[in-house]
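One structure is given below, encoded as structure tokens.
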Amino acid sequence: MKKLITGVVIAAAAVVLFTIVSRSDTDNNEVITDNNSIDMTGDIITLPQPSLSGTLSLEEAIARRRSVRSYRPDALNIGQVGQMLWSAQGITLESRGFRAAPSAGATFPLEIYLAAGRVNRLAPGLYRYNPSDHTLSLVTDEDLRSQLSAAALGQHMVRDAPVSFIIAADYGRTSSRYGERAVRYVHMEVGHAAQNLNLQAISLGFGAVMVGAFNDSDVKGIMELPDNIDPLYIIPVGRPQQ
């Protein structure tokens, strides 16, 4: 009888240990993803559902915020990328379509692009984030980081980071309601979204830097942005080089 009980206890412990190991990652702050739930086929990539809780408090993330310009070569995973995209422009109230960052009159002028270089299970390329269904649309399968770095006056972090997020805007969506004052509102909104993304990156153990110094027309041409979309921010993100 004792042998039977001992065997049951050992088996139960093994199951618990296997579960813990299988859900662990290289960093306690990383998002756990269910790889089997991710649709990676075609030009539309379904991202893992964002996490609504974390291990780092908002206060700690604010205290740790610094501009990080040097990164380790570590790749990100698709869940981490999705989490940061959601933090900037993800839907947080389905019934109204409201997003993670405030928007004047809910006009939502921002568009977020991902210049991916090193992301596990995601091919290098440029992707556009679709907040409505939390997906990525492939724009081009070319790794644009070096070109974007050149357009950003040679700033190396845009080239070296595993990913950069580019926040762009369609001013017309907001000016159609607010006229000339829309420019101010759009610039406020890009700041809200960028800070959300920055703090989310910190909570995941990454570092980021806000890049505003770049040639607008060069970036627009490299990304082949529509005429009505203008780039406002390039945000490289990666594991800080210690």
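The values are calculated or read from the model by the stated rules, or taken from the named source; none is laboratory data. Keep in mind the model is a prediction, meaning the values are calculated, not measured. Because the Cβ atoms are built from the backbone with ideal geometry, glycine has one as well, and the counts that use them run over all protein chains shown. Side chains are part of the model used for accessible areas, which takes the heavy atoms of the whole protein and leaves out ligands, DNA and RNA. Shrake-Rupley method; radii C 1.70, N 1.55, O 1.52, S 1.80 Å.
Criterion applied to ALA194, ALA150, ALA201 was being open to solvent by 20 Å² or more (accessible area, probe 1.4 Å) and not in a strand (DSSP E or B), and the one residue passing it is ALA150.
Here ARG69 does not qualify as farther than 21 Å from ARG128 by Cβ, touching a Leu at 6+ places or on another chain (Cβ under 8 Å) and at pLDDT 50 or above. Every test in (1) part of a strand (DSSP E or B); (2) of a type in the set (S, T, N, Q); (3) crowded, with 19+ Cβ neighbours inside 10 Å is passed by SER137 save one, and that test is (3). Beta carbons closer than 6 Å, at least 6 apart along the sequence or on distinct chains, pair a first residue in segment 73-101 that is surrounded by fewer than 22 Cβ atoms within 10 Å (Cβ to Cβ) with a second that is in a helix (DSSP H, G or I) for ALA100/SER87; ALA100/ASN196.
Of all residue pairs spaced 6 or more apart or on separate chains, those with beta-carbon atoms under 9 Å, a first member in segment 159-170 that is without any contact (Cβ under 8 Å) to a residue 40 or more places away in the chain and more than 13 Å from VAL81 (Cα to Cα) and a second member that is of a type in the set (Ser, Thr, Tyr) and open to solvent by less than 10 Å² (accessible area, probe 1.4 Å) are ARG159/SER149. Could you tell me whether any residue of segment 143-161 is within 22 Å of GLY212 (Cβ to Cβ), under 14 Å from the mean Cα position of the chain (by Cα) and modelled with pLDDT of 95 or more? Yes, segment 143-161 contains a residue that is within 22 Å of GLY212 (Cβ to Cβ), under 14 Å from the mean Cα position of the chain (by Cα) and modelled with pLDDT of 95 or more.
State whether one or more residues within segment 102-117 are in contact with a strand residue (DSSP E or B) (Cβ under 7 Å, 6 or more places away or on another chain), within 18 Å of GLN49 (Cβ to Cβ), surrounded by fewer than 20 Cβ atoms within 10 Å (Cβ to Cβ) and of a type outside the set (A, V, I, L, M). No, because not a single residue in segment 102-117 is in contact with a strand residue (DSSP E or B) (Cβ under 7 Å, 6 or more places away or on another chain), within 18 Å of GLN49 (Cβ to Cβ), surrounded by fewer than 20 Cβ atoms within 10 Å (Cβ to Cβ) and of a type outside the set (A, V, I, L, M). Residues in segment 217-242 that are outside any strand (DSSP E or B), under 14 Å from ALA150 (Cβ atoms) and of a type in the set (Val, Ile, Thr): VAL219, ILE222.
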